[in-house]
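For reference, the structure discussed in these notes is given below.
The values are calculated or read from the model by the stated rules, or taken from the named source; none is laboratory data. Keep in mind it's a predicted model, so treat the numbers as computed, not measured. No Cβ is skipped: glycine too gets one built from the backbone with ideal geometry, and neighbour counts run over all protein chains shown.
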């Protein structure tokens with residue numbers, strides 16, 4: 001047996017009584033991905049195919065290719081981008097999320113809040 005470590009992180013919190021959900025997300029070539037959003041708890045992901053443009057509040061956008069892992073802390077942090085960096089192939093990734101009870105696993109951020117928090121977004 002061979003074991004490869006993809007990532008090791010210490011998330012800031014796990015919501016009390018969280019439930020865990022694992023999903024697969026697919027974006028077609030050139031897709032900008034999910035609009036700005038946040039998760040109620042930490043999310044851990046792995047790119048299965050393609051290249052993701054990944055941007056969290058306070059961090060510069062970065063490209064994550066197939067075979068690499070990513071994570072986000074959840075809670076108040078805005079996830080700005082999870083778009084497909086390629087126009088010639090789809091993007092597929094899996095995410096395991098720790099979801100707070102009674103909260104949606106994903107909540108979109110409105111334009112007013114994006115404007116109010118513009119100073120927290122890193123310049124690309």
With the structure loaded, tell me whether residue 51 is under 21 Å from residue 123 (Cα atoms), in contact with a helix residue (DSSP H, G or I) (Cβ under 7 Å, 6 or more places away or on another chain) and at pLDDT 95 or above or whether it fails that test.
no
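One line per residue, one yes/no per condition, for (1) under 19 Å from residue 88 (Cα atoms); (2) in contact with a strand residue (DSSP E or B) (Cβ under 7 Å, 6 or more places away or on another chain); (3) in contact (Cβ under 8 Å) with a residue 60 or more places away in the chain:
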| residue | (1), (2), (3) |
| --- | --- |
| 4 | no, no, no |
| 8 | no, no, no |
| 15 | no, yes, yes |
| 24 | no, yes, yes |
| 54 | yes, yes, no |
| 60 | no, no, yes |
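Got a sec? Which strands (runs of 3 or more DSSP E) wholly within the range 10-89 have at least 3 residues that are crowded, with 20+ Cβ neighbours inside 10 Å? Before you say what the answer is, go through the steps one by one.
Numbers: elements: 19-27, 43-49, 51-56, 62-65, 69-72, 79-84.
Those strands (runs of 3 or more DSSP E) span 43-49, 51-56, 79-84.
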